[in-house]
1. Just to check your reading of the model, which residue among Ser28, Ser47 is of a type outside the set (Lys, Arg) and surrounded by fewer than 18 Cβ atoms within 10 Å (Cβ to Cβ)?
2. What about Gly161, is it under 24 Å from Phe311 (Cα atoms) and in a loop (DSSP other than H, G, I, E, B)?
3. Please find, among Ile19, Ile6, the residue that is hydrophobic (A, V, I, L, M, F, W, C) and outside any strand (DSSP E or B).
4. List every residue pair whose Cβ atoms sit under 8 Å apart, with the two residues 6 or more apart in sequence or on different chains, where the first one lies in the range 120-142 and is without any contact (Cβ under 8 Å) to a residue 40 or more places away in the chain and the second, anywhere, is polar (S, T, N, Q).
5. Residue by residue through the range 115-165, note down the ones that are acidic (Asp, Glu) and either within 15 Å of Ala176 (Cβ to Cβ) or surrounded by fewer than 16 Cβ atoms within 10 Å (Cβ to Cβ) (or both).
6. Report, by residue number, each residue of the range 233-252 that is in contact with a helix residue (DSSP H, G or I) (Cβ under 9 Å, 6 or more places away or on another chain) and under 23 Å from Ser11 (Cβ atoms).
7. Looking at (1) surrounded by fewer than 20 Cβ atoms within 10 Å (Cβ to Cβ); (2) over 25 Å from the mean Cα position of the chain (by Cα); (3) free of Cβ contacts under 8 Å to residues at least 60 places away in the same chain, which is the one condition that is false for Arg96?
8. Here's a check for you: in the range 190-217, which residue that is part of a strand (DSSP E or B) and surrounded by 19 or more Cβ atoms within 10 Å (Cβ to Cβ) is modelled with the lowest pLDDT?
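The values are calculated or read from the model by the stated rules, or taken from the named source; none is laboratory data. The shown structure was predicted, so the numbers you read here are calculated from the model rather than taken from an experiment. FYI the Cβ positions are ideal-geometry reconstructions off the backbone, even for glycines, and counts take in every protein chain you see.
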Amino acid sequence: MERLKILTGNSNPELADCICRHLGVPLSKSVVKRFSDGEIMVEIHESMRGMRAFVIQSTCDPVNTNLMELLIIIDALKRASASEINAVIPYYGYARQDRKVAPRAPISAKLVADLLTVAGTDRVIAMDLHAGQIQGFFDIPVDHLYALPVLVQYVRENIGGGIAVVSPDAGGVERARAYAKRLGASLVIIDKRRSGPNVLEEMNVIGDIKGKVAVIIDDMIDTAGTLTKAANVLMEEGALKVYGFASHGVLSGPAIDRIAQSRLSKVVVTDSIPAHENVARCDKIEVLSVSGLFADAIKRIYIEDSVSCLFS
């Protein structure tokens with residue numbers, strides 16, 4: 001693997017280090033700095049000519065800064081004559097803006113895809129996109145990974161049987177069904193109605209949750225308003241316990257306080273986004289690593305092997 005180069009920006013260097021340890025290769029020497037006016041400057045201190053580069057960068061908070069870092073690193077690699085540039089984006093920002101929900105609204109997920117392509121990206125590796133159709137926004141190959149194997153293993157080892165997998169909204173039914181199938185569990189759906197972004201009005205439970213352990217499955221937890229209210233509704237419907245699982249722990253605004261004060265027994269997220277400093281103070285939140293999953297994907301892509309086994 002002498003032509004493999006792993007680089008990262010400032011969004012999630014801990015995850016990049018873990019991936020390199022799994023692969024047994026060093027993180028390439030580079031620096032992402034700022035000019036005094038805030039402009040981003042990238043310096044790569046190794047030859048990239050003819051190399052197959054993988055840039056690990058989640059476009060999480062601060063979203064615009066991390067996105068620009070990723071684009072500039074990709075441009076630097078292109079101008080350094082790298083033979084292949086792969087953008088490894090564990091958390092793909094702007095994914096929620098994947099369609100027009102109102103007149104004159106942008107489709108920002110498509111715009112970001114265009115920016116990555118124009119910058120010089122040859123391939124994108126992402127995990128649990130907010131909507132699967134975002135893959136179609138790219139005119140380059142996209143490997144869409146899932147945190148499912150990591151989260152399912154945790155459920156089997158720590159929760160056991162007698163569970164019902166819960167989708168927090170109609171849009172997540174397909175995801176929840178995949179978990180329910182692998183866990184041999186029943187499926188419950190919450191009918192959620194919003195009056196605006198991050199504003200929840202009403203919830204109704206579809207399915208039998210009485211006497212079962214509820215496992216809520218979502219792609220991300222942002223302000224945790226939906227999750228904590230769903231936990232209350234499920235407990236009122238007779239659930240024994242409620243666990244929350246998500247691939248991406250955005251945990252913005254009042255999320256951590258809401259979780260700490262909620263009826264949730266545990267909330268499990270992955271390290272696709274670096275854990276907020278307050279996460280350590282909340283014993284209800286647990287972070288699992290997906291570094292092994294991404295390392296396997298990078299290795300298989302490098303040796304031109306199939307990555308489909310990572311979906312099971």
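1. That would be Ser47, the only listed residue that is of a type outside the set (Lys, Arg) and surrounded by fewer than 18 Cβ atoms within 10 Å (Cβ to Cβ).
2. So Gly161 fits the description; yes.
3. None of the other options fit; the residue is Ile19.
4. Sorted first by the residue in the range 120-142, then by its partner, the pairs are Asp122/Asn86; Val124/Asn86; Phe138/Thr117; Asp139/Thr117; Ile140/Thr117; Ile140/Thr121; Val142/Gln135.
5. Passing the criteria: Asp128, Asp139, Glu157.
6. Phe245, Ala246, Ser247, Gly249, Leu251
7. Exception for Arg96: condition (2).
8. Step by step, filter the range 190-217, then rank; the result is Lys192.
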